[in-house]
Each structure stands twice: as C-alpha cells, then as structure tokens.
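See below for the structure under consideration.
The values are calculated or read from the model by the stated rules, or taken from the named source; none is laboratory data. What you see is a predicted model, and the numbers here were worked out from it, not measured in a lab. Because the Cβ atoms are built from the backbone with ideal geometry, glycine has one as well, and the counts that use them run over all protein chains shown. Remember, those area values only see protein heavy atoms, side chains included, never the ligands or the DNA or RNA. Shrake-Rupley method; radii C 1.70, N 1.55, O 1.52, S 1.80 Å.
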Amino acid sequence: MAAFGVQYNGASMASVIGPLDFAERMEALGYRSYFVPELETLPTHMRLGTGVAVLPFHTPYQIAKIATSIDVLSGGRMVLGLGSGGVFNDDFAVEGVRVEDRRGITDERLALVRRLLSETDVTHHGTFHSMEHVTLEPRSVQQPHLPLWTGAMWDGRFNRHTLERTARWADGFHPNGMTPRGYAEGKASIEEMAAAYGRDPAAFEWSCNMYLCMGQSKDDAYREVQAAMRHRFGEDAWEIDRATLPLGTPADCIETLEAFIEAGVTHFTMNALCTPEALLPTYEQFAAEVMSHFGG
C-alpha cells in the first residue's frame, strides 16, 4: 500500500493558508507526512521532513543538530531530506558557494551528517570541514539514527554520481520530475550500488516529490500546470514532461500513480501545482477520490 504526504511551499501557499493550519487540515484528510523545503517542527502526528534542504548552504553540524532536535520534539518522526541544489544557480552566489564546489561539498557534508547522527566522538579532516571529538546531543529518538533521504532532479536520466551518493550514504530516495521508467532505472542502479557498498538495498525507502493538478481532462490540467509554473517560477520556469505527474480526473491520476508504484515508489509527497484558489480543493479531492483507491 502506498503512503501519501504533502509538501508546503510558502511562496505559493502563504496567502492561502499558514503552515500549521495546512498541516492540521491535511492530517485530518488522511495524509501521513508533511514536507517543507526547509526545516520546521509542527505539533502533528504525521512524519515531518525536509524536501529538500540544500547541503551546500548549511554546515553539517547545523543540519544534524536541527534535525535531531526536531526528531526529539516530535517523538521520532523526522525525515531529513538533503540535496545538492542547482535549480537556481544564483542561490550559490548569494550563499557564497562556488557552483563548481557543489558536488564535493555535498558528498563531504552528507557523509559527515550521517556520522554525526549515528556516531559519537566524531573526528574528521576533509577538504571543506575539520572537527575533533564531536558528539551531537541530544541523540535522536529514532535509532540508530533518523532517516536520511536524498533528492534528485531528472532530466531524461538521473546523474550517476547522485545515485551513487544515495547508495553510499542515504536511507531513502526522494527525487522529483521523473517518469515511472526513469524512477525504476534509478532505483535499480541504487540497489546495485548499495549492494556493492555492503549495504542492504531492502532497507531503503522509495519516495518521490510529485507535482499534482486535477481537472476535467489531462489537457485542461496540463494547461493549468504550465500557467502555475510561470506564476511560481517566472522566467526560470521549466517545461514539465506530462508523463512525470498525475494530471486530470481521479481515474487519470490513479492510472499514473499505479505506474509509479509498479516502478517501486512506496511514498508520494504531493505538491499541488495549480492556481492558489484551487490548492485546498485539489488536496481535498485527491484525498477523497485518489488516496482512497490506494487504501489511504
């Protein structure tokens, strides 16, 4: 049975509903997880996650400390989603990070975050960070550590290095914008690499962040997606492949999601991409007419 969550995007949703009210309303509809682009703790019973935090913009200790604190405050419900960024490269200039250092910084920080979450007395001397005998407190409720998921963007394929990073240091895969076939291929590669690293592929969680737009037809919904992308991202908006997201009627959405489940996805984080006034009705209709089909 697939599990469904939601993602709160402040830029498009703040004028409609606040993050806490949104979380409580979605939980009442049956959604089981709540993801935000940055860290936030909320008094709900859902899993809480970052979808995703950009590692080059945060120090490893800062990320690990905040995530562990949220895990303790929430009673063990934190999922730490991490990525390398790169959708908007101007962000790197603002943060004072060289784009060409993105891969190396992400690798070193992800490995170090995992150590800080799972080990005590951590000593590390790397290209970007050095520390001596560091023990993170408090320890997480989830043991041996809270789960780490990696994000990824699909542009006809997943970057092999990103898949290897997931296989080596993460506990779950949480990509965006892929077709069912693309997800299946990425999952198979991660499983093969994880086994080569001596890790158990069966222990991984298989998630994805998925845009959603419901309507009278796939064509109507896709036109709304294109308009919403231009409204949300302006001139930086990118073209979305229709095959990568559920569009149209409940039956249309169910058919698309079933293809992703067959590809291996067990957790969907739904991100409604529509006009502001249609956001809440979309999540309500999806819960009533699509999630219910999957036992949600």
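Annotation: of all residues in segment 247-261 being open to solvent by 30 Å² or more (accessible area, probe 1.4 Å) and among the hydrophobic types (A, V, I, L, M, F, W, C), the one that is nearest to residue 221 (Cα to Cα) is 251. Note on segment 44-71: residues that are crowded, with 23+ Cβ neighbours inside 10 Å and among the charged types (D, E, K, R) total 1. Do you know which residues across segment 1-20 are assigned to a loop (DSSP other than H, G, I, E, B) and free of Cβ contacts under 8 Å to residues at least 40 places away in the same chain? Once the filter is applied, which keeps residues that are assigned to a loop (DSSP other than H, G, I, E, B) and free of Cβ contacts under 8 Å to residues at least 40 places away in the same chain, segment 1-20 yields 8, 14, 18. Mind checking which residues of segment 140-156 are at pLDDT 95 or above, crowded, with 17+ Cβ neighbours inside 10 Å and not small (Gly, Ala, Ser)? Answer for segment 140-156, where residues must be at pLDDT 95 or above, crowded, with 17+ Cβ neighbours inside 10 Å and not small (Gly, Ala, Ser): 142, 145, 146, 147, 148, 149, 150. Residues in segment 21-76 that are in a strand (DSSP E or B), at pLDDT below 95 and of a type in the set (Ser, Thr, Tyr): 34, 50.
Among the residues of segment 234-291, those identified as among the polar types (S, T, N, Q) and more than 17 Å from residue 17 (Cβ to Cβ) are 244, 249, 256, 266, 269. Of the helices (runs of 4 or more DSSP H) lying entirely inside segment 157-247, the ones with 2 or more residues being among the hydrophobic types (A, V, I, L, M, F, W, C) and modelled with pLDDT under 95 are found at 218-233. For segment 112-136, the set of residues classified as in contact (Cβ under 8 Å) with a residue 24 or more places away in the chain, closer than 16 Å to residue 62 by Cβ and outside any strand (DSSP E or B) consists of 112, 113, 114, 116, 117, 128, 129, 136, listed by residue number.
Collect the residues in segment 232-244 that are within 22 Å of the chain's Cα centre (by Cα) and free of Cβ contacts under 8 Å to residues at least 40 places away in the same chain, keeping them in residue-number order. Of everything in segment 232-244, those that are within 22 Å of the chain's Cα centre (by Cα) and free of Cβ contacts under 8 Å to residues at least 40 places away in the same chain turn out to be 233, 237, 238, 239, 242.
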